[in-house]
Amino acid sequence: MAPQERNSCCDEDRQSGSIDNNLSNIDLSGSFVNKGFTNDSTDNTASSTDNEDRKKVTDFDDLLPYVGEFGIYQKILFLMMIPFAFFVSFVYFSQIFMTIVPEQHWCWIPELANLTVEERRALAIPPKTDGPYAHDRCHMFSADWTAALAQGRTTPDDEWPIIPCTHGWEYNRSDVPYETIASQLDWVCDKDNLPATAQAIFFCGAIVGGLVFGWIADKYGRIPALVGTNLMGFAAGIATAFCNTFWSFALCRFLVGLAFDNCFTMMYILVLEYVGPKWRTFVANMSIAIFFTLGASLLPWIALWADDWRRYALGISAPFIIAAATPWLVPESARWLLSQGKIDKALVIMKKFERINKTKIPDKVLSEFTEASHKAIKESEAESKTYSVLDIFRTPRLRRNALLLIVIWMAISLVFDGHVRNVGSLGLDIFLTFTIATATEFPADTFLTVVLDRWGRRWLACGSMVISGIFSLLATAVPVGGPSASLAILGRFAVNISYNIGLQYAAELLPTVVRAQGVALIHIMGYVASILAPFVVYLANISQELPLLILGVLGIVGGVLCLLLPETMDTEMPQTLADGENFGKDQRFWDMPCFPRKKQARSEQAPDEQAFSRALPARGSRASVRASVRLSARRGAGAPV
């Protein structure tokens, strides 16, 4: 998942030399090169620092080798990501196990309480000859039950009228062996849309939370935002356990939504900032592939262990209080401090890295870094040009790419979240099916780490989306149960790959000057699509095949649309609006990184093609771009449009 991320490579302030260089894909020196695809000449050894021809320290990434790119302190911070990865998985998935309803339920009739379940159903519940259930789940016969029992009746009278349930429902708890809020409040039949509505309200909270905590992160720092969002998740999660009505539950889930996915993203970005480029891919992918996947896979078993939805809500919310200790354990973002002109505080943090990693930053290097930081701040203050997200819609090619990115990301978000929440309609044990489907995150992330910088984004995004769609459609053509669940899980595996590609595509394709705002817009539109996902899954109440049919069609359409975008692998990120407009003009529809066509001699290229020279491919910091998508959405969304 990695799960649907203000940082360096997505920051419009980059144009002016801003040092808010959270992940430093773009050099402050002005080269604006996607470092994920350039050779890393940095050497961690002490001897390299004594080299007279060493690179002059101009930005934060240049300073990292002197304190260690993945030393003891970075390893400690990496392990500190574990609770926050668990928290975001709890926030995202927990509501599924609070609102599931046993598939078999029928009207409760108090007068027949002394009969067995089979006798009650045989006497009072109308039978059904079509559909997956042998009895009606929402209606009952209307009769004088006292008289019927006195007569010794065991079957209904054909003259008895059929009416909706009047005294609530009783449930067969063989598939969901504990009480959920949905079964407690009888969210079935004419109220069976309430779980989907509550989930949609959660995603509305996520949109607001992205704006609010993104502003806090920019104004007061990453640590206050990290603590605030987790404490919000703690308070609202605890309050959820005491809800007794739909609207109180919906309000609490809206407030929990404020914490998604900021409760992990802030920590994710912080750790990546302090890790050298060579290690960012490992840290970014493994934190999600291992920690997030493990947390999500444990959720259904925590629900079964708690054996009650209230205890479950308390159990998964109480650990969030651990985040209150974060200011004493996790350093503030040095890049944010630099962007605020607090250079001395940033250097204090780097001294702490020196002490724990047992390294030493030469005085000359510190002097160069301090001088470059002051210069960058002055240049940033002198730059008065501002850009709006509307600028990406002013020219035809850039407008087309932006609209494609929005539509594709909405399709990916809807398909991903639809697969996540459709596990209850696959005809198998929901707890086991959810665990297996969630576990596909690990191989998907691992596979993507290996092939993304070899096969490129465009064809891989297309292929994974189309494959997801095909598996989803095939799942509707086989018997419900093992065959359909297996195909749906394969569809989930494929869309996991698409989701992680989509996270960075926009960051690489949109120009620097509007990148943060543009990515934020795309990210928010993804949330809008996620709001629809619960209602797509709800269609299973009409026909069990409908959700997978819709997800399949969306997957194929979204995958085909990916081919209309230019490839971004081994290319420089566009800096200006003109760069963004000209990006990819030298590419052809059938171009594939695996089968490169012969290039024109540089002197024969058109000027706008020369603007995008290709860097030597290297697997350095794909994670930098991926992380930028996440945090830029919080930062850029608050920018004026």
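Total residues in the stretch 75-85 satisfying the condition of being of a type in the set (Phe, Trp, Tyr) and surrounded by fewer than 23 Cβ atoms within 10 Å (Cβ to Cβ): the figure is 1.
Each residue in the stretch 356-392 was checked for being at pLDDT 80 or above, surrounded by 13 or more Cβ atoms within 10 Å (Cβ to Cβ) and within 32 Å of the chain's Cα centre (by Cα), and 2 of them qualify.
What's the total number of residues in the stretch 425-446 that are open to solvent by less than 60 Å² (accessible area, probe 1.4 Å), under 16 Å from the mean Cα position of the chain (by Cα) and among the aromatic types (Phe, Trp, Tyr)? Of the residues in the stretch 425-446, 0 are open to solvent by less than 60 Å² (accessible area, probe 1.4 Å), under 16 Å from the mean Cα position of the chain (by Cα) and among the aromatic types (Phe, Trp, Tyr). Restricted to the stretch 307-354, and to residues there that are closer than 30 Å to residue 93 by Cα and of a type in the set (Phe, Trp, Tyr), the residue that is most open to solvent (accessible area, probe 1.4 Å) is 328. So for the stretch 197-219 (the condition being of a type in the set (Lys, Arg), more than 26 Å from residue 300 (Cα to Cα) and in contact with a helix residue (DSSP H, G or I) (Cβ under 6 Å, 6 or more places away or on another chain)), does at least one residue qualify? No, there is no match, as no residue in the stretch 197-219 is of a type in the set (Lys, Arg), more than 26 Å from residue 300 (Cα to Cα) and in contact with a helix residue (DSSP H, G or I) (Cβ under 6 Å, 6 or more places away or on another chain). Checking 531, 524, 501 one by one, the residue that is among the aliphatic types (A, V, I, L, M) and touching a Phe, Trp or Tyr at 6+ places or on another chain (Cβ under 6 Å) is 531 and no other.
Of the numbered criteria (1) among the hydroxyl-bearing types (Ser, Thr, Tyr); (2) open to solvent by less than 40 Å² (accessible area, probe 1.4 Å); (3) over 26 Å from residue 221 (Cβ atoms), the one residue 395 fails is (2). Of all residues in the stretch 62-75, those that are farther than 11 Å from residue 353 by Cβ and modelled with pLDDT of 85 or more have Cβ atoms under 7 Å from Cβ atoms of residues that are open to solvent by less than 20 Å² (accessible area, probe 1.4 Å) and among the β-branched types (Val, Ile, Thr), 6 or more apart or on another chain, in 70/275.
One residue stands out in the stretch 447-462 among those that are modelled with pLDDT of 85 or more and closer than 20 Å to residue 490 by Cβ: the one that is most open to solvent (accessible area, probe 1.4 Å), namely 447. Pairs meeting the criteria (first residue in the stretch 115-140 and among the acidic types (Asp, Glu), second residue open to solvent by 60 Å² or more (accessible area, probe 1.4 Å), beta carbons under 8 Å, at least 6 apart or on different chains) are 119/154; 136/127; 136/128; 136/162.
I'd like the full set of residues that are charged (D, E, K, R) and farther than 13 Å from residue 548 by Cα, limited to the stretch 409-449. Within the stretch 409-449, 429, 441, 445 meet the criteria.
Is there a residue being in a loop (DSSP other than H, G, I, E, B) and of a type outside the set (A, V, I, L, M, F, W, C) anywhere in the stretch 246-260? Among the residues of the stretch 246-260, not one is in a loop (DSSP other than H, G, I, E, B) and of a type outside the set (A, V, I, L, M, F, W, C), which makes the answer no.
The values are calculated or read from the model by the stated rules, or taken from the named source; none is laboratory data. From a predicted model like this one, the values you see are computed outputs, not experimental measurements. In this analysis, Cβ positions are derived from the backbone assuming ideal geometry, glycine residues included, and neighbour counts consider all displayed protein chains. Surface accessibility is based on the protein's heavy atoms, side chains included, excluding ligands, DNA and RNA. Shrake-Rupley method; radii C 1.70, N 1.55, O 1.52, S 1.80 Å.
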